[in-house]
Amino acid sequence: MEQDISSKIAIIAGAGPAGLTAAYELLHQTDIKPVVFESTNAIGGISQTVNYKGNRIDIGGHRFFSKNREIMDWWERIMPVQGKPSFDDILLSISDKPFVPGGPDPEKEDRTMLCRNRVSRIFFLRKFFDYPISLKMSTFTNMGAWRTLKAGFTYILARIRKRPNDSLENFYINHFGKTLYSMFFEDYTEKVWGVHPSKLGADWGSQRVKGVSVSAVIKDMLKKCFSSKKDSKNVETSLIEQFLYPKLGPGQLWEVVADDISRSSGEVHPNSEVKKIHVNGNRVVSVEIEHDGKMTGLACDYFFSSMPVKDLVAAIEGVEIPDDVRQIAAGLQYRDFITVGVLVKNLKISNHTKIKTFNNRIPDTWIYIQERDVKVGRLQVFNNWSPYMVADYKNTMWIGMEYFCNEGDELWTMDREKFIEMAVNELSMIDIISKDDILDTVQIKIKKAYPSYFGTYYQLDKVRAFLDTIENLYCVGRNGQHRYNNADHSMLTSIEAVRNIKAGIKNKDNIWAVNTETEYHEEKNNSD
């Protein structure tokens, strides 16, 4: 029996994918009024799009792809797909036709999705390698005979002598062998997390690259050779070749969702931070919001939290919180994120692939930088995400340099101009650009971008157990569950939570199960 939920209010902390999905679903599935409070002035969380002088930055890079049909349909309902390809056509590329670029036409509606070809490569030894690693002749040529032999031998050895999956290092070695791990995973992973893979849990690896290995690459290659029809359900996500993308970046979709919520009976309030959460018995009864330095109290019937678990526990009042729960929550760690946008006339590297591109530019959406002599972890080429992301697509290249750091560390506290100088020096040193071609630069910082899988993470179940005793509290999204969710995973946590409310289900296991079951998995590095 469905619960009577008329004339009730749900307060939602955070206007990212999880928070906005919760609000949207409440509006369309129930009579509950959603009120969203976002601590920043940006819509979309880490899925926001930053507009800098008409050049747009996708924070972190977001492919709109999910193995969950409901999510794909949800996205298309918000923003129709240009050309209306079928679901299976979206999952796997069956066409080599290049996208013909062009600037946005102000006379036309731009609220549509593009169907994009995925090209992601690794830059190592000043050469390009396919990602995931392919078994092409160019791979072996770039590696050299000795590295190729070592890679083959250590992969076979890893299959014979499997290590216990008790660290991320062992997980990668079991899947790829010691040589490939050392070449393509070890240094990059340490750049991302600031911790050597031997000190990270295997959870993150299994979550991000589940099912992807040398054997998976071989199987995929054989299927392409001998199968005329592509079966999307049996293809690992990191091998998917096509995805959807909003014309003006991921933030555009979430801005449309926020606008829909505000035009209906819901509310979205930027620059408004949830500071206190008052609990009476086993229910959240009210919250206190800070806006422009003023505190305002608001009663509620439901509370959705996509705020960091650390901040959530610290904000709860009116109920006794066990000391170990407080300590574990306070000990949760995060990785922060800095992007440097660099506008250039041209890149020094050109297209040597079989993919046709405008002016023979490289086709990559993002490039993993594995070079050990630079700190930059990944490059994004925004021209290739969407031509509408660049103010002057024909005459400029707009790229993003991504750095991973901790708030308060050397990178985070570095003077802005010095940081940008360091970044462009690195890009020049690895022969991606010429400094003379730089037209403009910008730096953007994002806090708590990645929940970390170390620190007190492995005691998180105790925090979850406590939070689940608060009947009308729903932890959703990446930071809300301290889990490296992609956007589709974050959305699913909110969809499941709304379903529970509608059906009067108090157990929250299904909400926490998102991105732990096989069918939820998607690789981002990943929107993701």
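The values are calculated or read from the model by the stated rules, or taken from the named source; none is laboratory data. Everything numeric in this text was worked out from a predicted model, so none of it was measured. All Cβ positions, even for glycine, are placed from backbone atoms using ideal geometry, and neighbour counts span all protein chains on display. The accessibility values were calculated without ligands, DNA or RNA, using every heavy atom of the protein model including side chains. Shrake-Rupley method; radii C 1.70, N 1.55, O 1.52, S 1.80 Å.
A few remarks follow.
- Restraint check, K354/K375; K67/K375; K247/K394; K150/K354, Cα-Cα greater than 22 Å: K354/K375; K67/K375; K150/K354
- The modelled label-to-label distance between D110 and S138, using points 7 Å beyond Cα along the C-beta direction, is 3.2 nm.
- Separation of the D259 and K276 label points, Cα + 7 Å toward Cβ, nm: 3.8 nm
- Residues whose amide H lies under 5 Å from that of V319, counting only those 5 or more places away or on a different chain, are V279; hydrogens are built 1.01 Å from N in the peptide plane.
- Available extension along the chain between K162 and R499 is 117.2 nm, counting 0.36 nm per residue and deducting the alpha carbon span.
- Note that the stretch 446-460 has calculated 3J(HN,Hα) couplings of 10, 7, 6, 6, 10, x, 8, 9, 8, x, 8, 3, 6, 10, 4 Hz, one per residue in order, obtained from phi through the Karplus relation 6.51 cos²θ - 1.76 cosθ + 1.60 (θ = phi - 60°); glycine and proline are x.
- Per-residue 3J(HN,Hα) values for the stretch 363-375, derived from phi via the Karplus relation 6.51 cos²θ - 1.76 cosθ + 1.60 with θ = phi - 60°, read x, 5, 7, 9, 10, 7, 8, 9, 4, 7, 8, 9, 8 Hz in sequence order (x marks Gly and Pro).
- Ligands, DNA and RNA left out, the accessible area of the stretch 317-455 computed with a 1.4 Å probe is 45% carbon and sulfur.
- Heavy atoms of M422: accessible area, 1.4 Å probe, square angstrom to 10: 30 Å²
- Over all other residues within a Cβ to Cβ distance under 15 Å of S272, the charged ones net out to -4, with Lys and Arg as +1 and Asp and Glu as -1.
- Amide proton proximity set for E407, modelled H, under 5 Å, gap of 5+: D336
- Working note: Karplus 6.51/-1.76/1.60 with θ = phi - 60° gives the stretch 36-41 the couplings 9, 10, 10, 6, 9, 9 Hz, where Gly and Pro are set to x.
- Under a 5 Å amide H cut-off, with hydrogens placed 1.01 Å from N, S272 pairs with E38, S39, T40 among residues at least 5 apart or on other chains.
- Stretch gain in nm, segment E290-R372, where the contour uses 0.36 nm per residue and the Cα spacing is subtracted: 25.1 nm
- If R0 is taken as 22 Å, the Cβ-Cβ distance between F153 and H196 corresponds to a FRET efficiency of 0.40.
- Rounded FRET efficiency, nearest 0.05, which uses the C-beta distance separating R326 from L298 and R0 of 22 Å: 0.30
- Under 10 Å, Cβ to Cβ, from I32 - net charge with Lys/Arg +1 and Asp/Glu -1: 0
- Among the listed pairs K199/K310; K462/K508; K8/K276; K276/K462; K136/K199, a Cα-Cα separation exceeding 25 Å is found for K136/K199.
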